[in-house]
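Q: Let me give you the structure first, and then I'll get to my questions.
Throughout, read-outs are computed from the coordinates displayed, never taken from laboratory work. All values reported here derive from a predicted model rather than from experimental measurement. With ideal geometry, Cβ positions are generated from the backbone for all residues, glycine too; neighbour counts draw on all protein chains shown.
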Amino acid sequence: MELLERPRRLRKNPAIRGMVRETRVSKSALIYPIFVKEGHGIVDPIPSLEGQFHYSPDRVHLELEKVRRAGVPAVLFFGLPAHKDACGSGAWDDQGAVQQALRIAKREFPELYLITDVCMCEYTSHGHCGILNGQQVDNDRTLEVLNRTALSHANAGADMVAPSDMMDGRILSMRRALDREGFSDLPIMSYAVKFASSFYGPFRDAAGSAPAFGDRRGYQMDYHNPREALREAELDVQQGADALMVKPAMSYLDIVYRVRERFDLPLAAYSVSGEYAMIKAAARAGLIDEAAVACEAALAVFRAGANMLITYYAKELAGWMDEGRIG
Ligand code: PBG
């Protein structure tokens with residue numbers, strides 16, 4: 001058969017396939033979420049997230065050591081307080097789990113990059129992401145408590161804050177609050193495009209943050225709306241965000257692609273708890289090869305245009321990159 005184009009020529013062996021690869025990934029793009037829980041001596045497996053643990057601040061070094069050894073450069077801290085109240089005051093407690101973990105991590109792991117999730121839902125008794133006014137989250141009152149939380153993270157040593165609440169105007173308001181207190185060099189990574197998603201289920205069990213009534217559709221985005229996603233991203237760019245995020249990842253790769261096309265800021269995608277749990281469960285049922293599927297799913301996020309990937313598989317992915325399974 002006379003054929004000028006034979007794409008298979010460049011698929012002949014691993015060496016040529018490696019050379020012509022269009023998307024390359026590196027450990028330097030990985031961010032690993034860690035759950036820190038108020039208390040002492042805690043290293044508890046999280047039932048909804050196989051392979052993930054709750055750590056008290058005095059034990060979190062055990063996990064940070066593994067992260068460092070894997071070559072993952074950054075972590076994202078979530079906190080579980082001992083007590084919750086209506087306004088989520090545990091979020092800005094200087095002795096809170098995240099604040100303590102930050103101080104320990106800064107001291108013992110100075111080369112790790114420390115990002116904090118800034119939100120109220122783990123700290124409020126009602127489980128919503130802000131202060132309630134009746135059944136609704138009051139946007140502008142919530143901005144004040146988010147700012148206090150971001151400042152307490154900054155004071156404890158955070159390298160970057162990542163607000164995930166989805167209130168309007170939070171980036172501008174947080175930028176001003178940080179600047180006023182001398183943190184004008186501290187970057188904000190905005191969960192700019194965060195959808196009201198059922199893929200967060202295992203996280204809410206892990207963080208004890210399920211809403212006590214209703215759902216989050218009054219503040220998180222409707223998943224039918226790609227143009228609104230671009231508006232959300234644009235607002236955060238205008239308000240001074242340093243990096244953007246799309247969340248979840250796997251079912252939202254079209255959104256990652258569109259945000260990448262339109263904006264030049266660094267872009268993260270968060271491969272959320274439900275994505276991780278589904279791969280784990282399918283692998284456990286013998287239906288798929290865990291490492292192969294996790295690599296394929298991670299690569300897709302970078303192919304869509306993200307620079308950074310937040311994933312519960314970060315340490316394993318680093319290992320699979322070393323082995324050349326993904327690269
Ligand atoms: C806090 C927050 C959530 C997640 C990250 N930050 C839960 C939510 O919005 O309900 C989900 C992360 C995951 O599912 O892995 N608001």
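Q: Take region 115-203, compute every pairwise Cα distance, and split them into 5 Å bins from 0; I just need the percent in each bin.
A: Percent of Cα pairs in each bin: 3, 14, 26, 25, 18, 10, 4, 1.
Q: Would you mind calculating the gained length between ASP322 and ASP289 on full extension (0.36 nm times residue separation, minus the Cα-Cα distance), in nm to one decimal?
A: Between ASP322 and ASP289, full extension yields an extra 10.1 nm.
Q: Between the alpha-carbon centers of region 247-315 and region 203-240, tell me the distance in whole angstrom.
A: Centre-to-centre (Cα) distance: 18 Å.
Q: Looking at region 194-248, which chymotrypsin sites (Phe, Trp or Tyr not before Pro) are in a loop (DSSP not H, G, I, E or B) and have at most 14 other Cβ atoms within 10 Å?
A: Passing both the DSSP loop test and the Cβ count: PHE213.
Q: Ok, one more. Sort 230-241, 112-123 by packing, meaning the average of other beta carbons within 10 Å per residue, with the highest value first.
A: Per-residue mean Cβ counts within 10 Å order the peptides as 112-123, 230-241.
Q: In debye, nearest 20, what is the charge dipole magnitude of region 237-281 about its Cα centre with +1 on Lys and Arg Cβ and -1 on Asp and Glu Cβ, if you could check?
A: The calculated dipole for region 237-281 is roughly 120 debye.
Q: Rounded to the nearest 20 Debye, what is the dipole magnitude of the chain about its Cα centre when Lys and Arg each give +1 and Asp and Glu each give -1 at the C-beta?
A: So the magnitude is around 1040 debye.
Q: Under a cut-off of 19 Å between alpha-carbon atoms, report the lysines in cross-link reach of LYS194, not counting same-chain residues fewer than 8 places apart.
A: Leaving aside lysines fewer than 8 places away in the same chain, those within reach of LYS194 are LYS247.
Q: Can you show me the helix-derived [θ] at 222 nm for the chain, built from DSSP H runs with n ≥ 4 at -39,500 (n - 2.57) apiece and divided by the number of residues, rounded to the nearest 500.
A: Calculated mean residue ellipticity at 222 nm is -11500 deg cm²/dmol.
Q: Given the chain, what percent of its DSSP beta bridges are antiparallel, to the nearest 5?
A: Within the chain, antiparallel bridges account for around 15 percent of the total.
Q: If you scale each eigenvalue of the Cα gyration tensor by 5 and take the root, what three semi-axes come out for region 186-327, rounded to whole angstrom and sorted largest first?
A: 26, 20, 13
Q: Using the Cα centre of region 1-121 as origin and beta-carbon charges of +1 (Lys, Arg) and -1 (Asp, Glu), tell me which of SER56, ALA105, SER26 is placed farthest towards the positive end of the dipole.
A: SER26
Q: Also, I was wondering about something else. Cα to Cα, under 22 Å, and not fewer than 8 places away if on the same chain: which lysines meet these conditions relative to LYS106?
A: Hits, sequence-local ones excluded: LYS27, LYS37, LYS66, LYS315.
Q: Is the chain rounded, prolate or oblate when judged by the Cα gyration tensor, a ≥ b ≥ c being the square roots of its eigenvalues, rounded requiring a/c under 1.5 and prolate requiring a/b larger than b/c?
A: prolate
Q: Length gain on complete extension for the stretch ASN133 to GLN238, per 0.36 nm per residue less the alpha carbon to alpha carbon distance?
A: This chain segment gains 35.0 nm when fully extended.
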